[in-house]
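What follows draws every value from the coordinates through simple rules; no lab data is involved. Everything numeric in this text was worked out from a predicted model, so none of it was measured. Cβ coordinates were reconstructed from backbone atoms using ideal geometry, including for glycine residues, and neighbour counts include every protein chain displayed.
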């Protein structure tokens with residue numbers, strides 16, 4: 001079992017990232033180790049340059065994300081933690097796979113349409129070929145399993161198509177170059193929405209910092225944001241159906257349930273009938289109890305540049321060693337002569 005997953009180092013990680021993805025990384029690393037396998041988690045800095053970016057911010061965000069992942073429980077002695085830019089084989093393999101990927105396949109990718117918006121002619125080539133780099137990210141390591149959410153299922157299917165066509169074109173059935181990775185569908189994560197708008201996802205790009213709980217927020221800031229979160233005047237119901245057409249109320253109850261690792265129904269059974277004047281302080285206390293230790297560890301780690309650099313360097317060395325045989329096999333299969 002070899003699990004491979006990546007996360008982009010853009011903006012400050014927030015509560016939605018933690019509950020939706022980062023917390024799952026800790027479970028994945030432990031499951032992979034228990035199964036006698038490996039877990040590779042990479043910071044997708046090469047993907048980040050597919051959109052306009054500030055170089056200083058990207059560098060700072062990359063280091064902050066390492067600190068965040070470790071503070072949240074990703075253990076560099078269990079998982080291989082690195083950034084793409086220190087493993088050139090990612091970009092090399094992408095170029096080789098560009099010969100196998102087809103324009104028609106990439107034209108069907110919905111994320112390009114979403115991210116490029118109305119100005120597709122002005123989008124970068126990197127944004128268009130982003131899914132081919134994603135394929136290289138997992139195929140390089142002969143990944144057996146890749147955790148995917150709804151927005152990434154299409155890209156993993158593309159990676160499998162590319163791997164299959166490459167194997168058909170350049171290898172034999174008995175000796176394929178690439179493993180076709182299977183998806184891991186994580187346990188359904190709470191869909192964490194903006195604290196200012198219950199119909200919009202909590203996002204790093206939201207102009208209002210009050211819309212999200214950043215993992216770097218201190219206890220007072222977390223409590224203040226929950227206190228000022230948008231709600232409605234009605235008390236909490238005792239059943240989930242009572243939250244229909246109440247997106248902000250549902251969001252706060254969902255956050256509580258996710259932090260407590262329980263169900264929305266269980267939260268409503270305990271807090272039904274309460275107004276938000278009572279529920280918000282309870283949510284703030286739970287939030288601080290869960291995220292406070294993570295925040296303190298993050299603050300400590302992010303100031304230790306030497307340790308963060310060492311984590312990335314060690315992980316990149318391990319990743320390069322794992323990827324070398326696959327890259328060599330791809331070059332050889334295509335008839336390319338390397339020194």
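Helix content alone sets the calculated 222 nm mean residue ellipticity of the chain: runs of n ≥ 4 DSSP H residues at -39500 (n - 2.57) each, divided across all residues, give -16500 deg cm²/dmol. Going from the residue with the fewest nearby Cβ atoms within 10 Å to the one with the most, 331, 25 rank 331, 25.
In the chain, what % of DSSP beta bridges are antiparallel (nearest 5)? Please report the intermediate quantities before stating the final value.
On the way: 3 of 17 bridges.
Given both bridge residues lie in the chain, the antiparallel proportion sits at roughly 20 percent.
In degrees from 0 to 90, rounded to the nearest 10, what is the angle of the helix 153-170 Cα long axis to the longest principal axis of the chain? Helix 153-170 sits roughly 10 degrees off the main axis of the chain.
Any idea what angle helix 219-228 forms with the longest principal axis of the chain, computed on alpha-carbon atoms, 0 to 90 degrees, nearest 10? Tilt of helix 219-228: around 70 degrees.
Calculate how steeply helix 89-98 sits against the longest principal axis of the alpha-carbon atoms of the chain, using the helix alpha-carbon long axis, and give the answer as 0 to 90 degrees to the nearest 10. Roughly 70 degrees between the two axes. Ordered from longest to shortest, the equivalent ellipsoid semi-axes for the chain are 39, 22, 19 Å, each the square root of 5 times a Cα gyration tensor eigenvalue.
With neighbour counts taken as other beta-carbon atoms within 10 Å, the residues 39, 72 rank, fewest first, as 72, 39. With neighbour counts taken as other beta-carbon atoms within 10 Å, the residues 7, 213 rank, fewest first, as 7, 213.
Given 20 °C and 1.002 mPa s, how large is the Stokes-Einstein diffusion coefficient of segment 197-250 in µm²/s, with Rh as the Kirkwood radius over Cα pairs?
Details: Rh = 12.6 Å.
Reported coefficient: 170 µm²/s.
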